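Remarks on the structure that follows.
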Amino acid sequence: MEIASRNRWLYISGSILIVALAAVIRVRGAQNDLWLDEIWSLDLASLISRPLGIFTQIHHDNNNYLNTLWLYCLGPHRDSLAYRAPAILAGIGTVILAGFIGRQRDRATAVFAMVLATASYVLILYSCEARGYAAVIFFSFLSYYLLDRYLREQRPVMALLFSFCAVLGVLFHLIFLNFYFAALVWSAVRLVRSPRSPKRILWGMLLCHALPIAFLTLIYIVDVRGIHQGGGTSFSLMHATADCLAWAVTPPAVAWMRPLTSLVTFAVFGAGMLLLWRERSNAAVFFIGVILVVPVALAIISRMEWIYPRHFVISIAFVLLLFSFTLGRLWKNGRQGKAICVAALAAYCVANSFPLARLFKDGHGHYREALRYIAGHSQREAVTIGSDHDFRIPMVLRFYAREAMGDRLVKYYRSDAWPPEGPEWIICHKESLEDPAPAGTSLTDNSGNRYEWVKTFPTAPLSGLHWYLYHNLAP
């Protein structure tokens, strides 16, 4: 009895420490500049005249409904932590929910699930952005927990709570559908295979899905059918899927490691599927759907032109959950199993620590620092700037110019309206997944003006933009 009580307190105190560490990491990771997509969300929030406008006025894929509502309520000129507070809280909540889901199997699985969620670079990153990705992971985990409880216990209150959480998940980001359609199929399979009458099966499906489907129909009519994509760098579905696999479990330290880290993810997924097959668990239907089938199918059906790894973040979260199930099972296999678990967890934490260090160092980009550098090294009375992108760069420039440059006169020239002598500065950029090295040490504009590369301002992997400053060589 004393041993059981001691183990229980060790489990509780360990869980508290893990959650506290998760909170510290996420708050630290959020203390940096807002990047383009967050600033864009703030701009969209400023366009609406009333809260209902998040559905009726914006019609844009960068509009994550409840996140946009939060930004609208806060208004402009707030600290980045204030804008990112819902994401930070959702990220911490995801760690707690991972523990609850794992605890349905055993304590060891619960601890593994919390550690994996705490240390995951991908989950940390999106818990540090003023967007809907962290919240959609949180509500995917919560919905999974509630639906699993309902399918096992047949308590109607769990089905109703699931349906309500599903609506909230959609309200934070439409990629929640990657989870929801997999859950829809899973619940149908579980109910049909249960010893219930057809009437009770139908009633169970209605309890779980009537509200979410009705809400999805409404939101499609009001907003989704008119949504247009904001654009981006064109990555193919295959490229984005490969990047998702590469970053899911052991993020690649360098580009050539991506095939290797993709194989690690495949191995983790395969081991989890084997475990569920041996347990004869219908949950295998759900995990195959949420990790592989539904995200790819929805990307094809919706004809997404710009696909990023973040569109598969729910898949990554459930790969980690499946990983915790496998580790929990290995932990029961004596000393050898425990040794494998410790080694796997150590390798996982080390692999995720490298990009996390980059996040702590570079954040989502150094935009204010770059503009302060320009202001401090400009040789002309007015600061004149051009760029290689007439949307991405000036949006960030407008947001930070007053704070970074004070009362200096700043003029941005669009690429089709540069003066004959050229702007004094050119800001070039790359996506976060690209090599942070500049494309070249010098460049020449259409008028023959030469520019010298002077400084790079990098961003952490998977978010933000690398900035490169080029200075006009003419006096």
Please work out if Leu52 is more than 18 Å from Val136 (Cα to Cα) and assigned by TED's automatic domain parsing to the domain that holds Leu327.
-> yes
Can you spot a residue in region 307-324 that is surrounded by 18 or more Cβ atoms within 10 Å (Cβ to Cβ), in a helix (DSSP H, G or I) and among the charged types (D, E, K, R)?
-> yes
Is it the case that some residue within region 404-426 is surrounded by 11 or more Cβ atoms within 10 Å (Cβ to Cβ), outside the structural domain of Val254 (by TED's automatic domain parsing), under 30 Å from Asp243 (Cα atoms) and without any contact (Cβ under 8 Å) to a residue 60 or more places away in the chain?
-> no
Go through region 167-203 residue by residue and tally those that are in contact with a Leu (Cβ under 7 Å, 6 or more places away or on another chain) and either among the polar types (S, T, N, Q) or modelled with pLDDT of 90 or more (or both).
-> 9
Failed condition for Thr441, given (1) surrounded by fewer than 20 Cβ atoms within 10 Å (Cβ to Cβ); (2) closer than 30 Å to Gly132 by Cα = (2)
Scanning for something in the same structural domain as Asn446 (by TED's automatic domain parsing), in contact with a Phe, Trp or Tyr (Cβ under 6 Å, 6 or more places away or on another chain) and over 26 Å from Arg84 (Cβ atoms), does region 390-402 turn up at least one residue?
-> no
Out of region 449-466, which residues are touching a His at 6+ places or on another chain (Cβ under 8 Å) and either of a type in the set (Gly, Ala, Ser) or at positive phi (or both)?
-> Ala460, Ser463, Gly464
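Taking the options Ala271, Ala246, Ala283, Ala242, name whichever one is farther than 20 Å from Tyr144 by Cα, aliphatic (A, V, I, L, M), modelled with pLDDT of 90 or more and surrounded by 15 or more Cβ atoms within 10 Å (Cβ to Cβ).
Values: Ala246 fails: modelled with pLDDT of 90 or more; Ala283 fails: farther than 20 Å from Tyr144 by Cα; Ala242 fails: modelled with pLDDT of 90 or more.
Of Ala271, Ala246, Ala283, Ala242, the one residue that is farther than 20 Å from Tyr144 by Cα, aliphatic (A, V, I, L, M), modelled with pLDDT of 90 or more and surrounded by 15 or more Cβ atoms within 10 Å (Cβ to Cβ) is Ala271.
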Quick check: anything in region 271-281 part of a helix (DSSP H, G or I), of a type in the set (Phe, Trp, Tyr), closer than 18 Å to Ser187 by Cα and assigned by TED's automatic domain parsing to the domain that holds Asp61?
-> yes
Residue that is surrounded by the fewest Cβ atoms within 10 Å (Cβ to Cβ) [pool: residues in region 249-268 that are of a type in the set (S, T, N, Q) and part of a helix (DSSP H, G or I)] | Thr261
Of all residues in region 67-90 being farther than 23 Å from Arg368 by Cα and under 18 Å from the mean Cα position of the chain (by Cα), which is surrounded by the most Cβ atoms within 10 Å (Cβ to Cβ)?
-> Asn67
Out of all the residues in region 427-448, which are under 19 Å from Leu397 (Cβ atoms) and either assigned by TED's automatic domain parsing to the domain that holds Ala253 or under 21 Å from the mean Cα position of the chain (by Cα) (or both)?
-> Lys430, Glu431, Ser432
Say whether the condition of being under 24 Å from the mean Cα position of the chain (by Cα), surrounded by fewer than 15 Cβ atoms within 10 Å (Cβ to Cβ) and not in a helix (DSSP H, G or I) is met by at least one residue in region 29-39.
-> yes
Looking only at region 293-305, and only at residues there that are surrounded by 15 or more Cβ atoms within 10 Å (Cβ to Cβ), assigned to a helix (DSSP H, G or I) and of a type outside the set (Val, Ile, Thr), the one that is nearest to the chain's Cα centre (by Cα) | Pro295
So is Ala339 outside the structural domain of Ala460 (by TED's automatic domain parsing), part of a helix (DSSP H, G or I) and within 28 Å of Pro458 (Cα to Cα) or not?
-> no
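The values are calculated or read from the model by the stated rules, or taken from the named source; none is laboratory data. Everything quoted here is computed from the prediction, not taken from an experiment. Backbone-built Cβ (ideal geometry, glycine too); neighbour counts: all protein chains shown.
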